[in-house]
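S.K.: Following this message is one structure expressed as structure tokens.
Each value in this text was obtained by applying a stated rule to the coordinates, not by laboratory testing. Everything quoted here is computed from the prediction, not taken from an experiment. Because the Cβ atoms are built from the backbone with ideal geometry, glycine has one as well, and the counts that use them run over all protein chains shown.
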Amino acid sequence: MSFVRTIVLVCLQNNILFKAKQVAGNRKSLPIAYLNFRFSHQILQLARLHMYRFPTSIPSHLLPENWQL
């Protein structure tokens, strides 16, 4: 998470904007959706086993109210 925060801060400082766009898929959407559901379910189970019980706090200098733009 600290890496992501660093990247976000650098992007904010350099006025870099990211946008996401969905790419059209193929016609086999039902089997792919099923596989994605199974895969995401497995990830969720692993996350529950290995995630921290308490979230990492965001440093105050990264909070929006402390940004100096």
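S.K.: Could you check the range 9-19 and list, in sequence order, the residues that are β-branched (Val, Ile, Thr) and in contact with a helix residue (DSSP H, G or I) (Cβ under 8 Å, 6 or more places away or on another chain)?
M.R.: 16
S.K.: While we're on this one: Which pairs have Cβ atoms under 6 Å, sit 6 or more apart or on different chains, and link a residue in the range 52-67 that is in contact (Cβ under 8 Å) with a residue 24 or more places away in the chain to one that is of a type outside the set (Gly, Ala, Ser)?
M.R.: Filtered contacts from the range 52-67: 56/1; 62/5.
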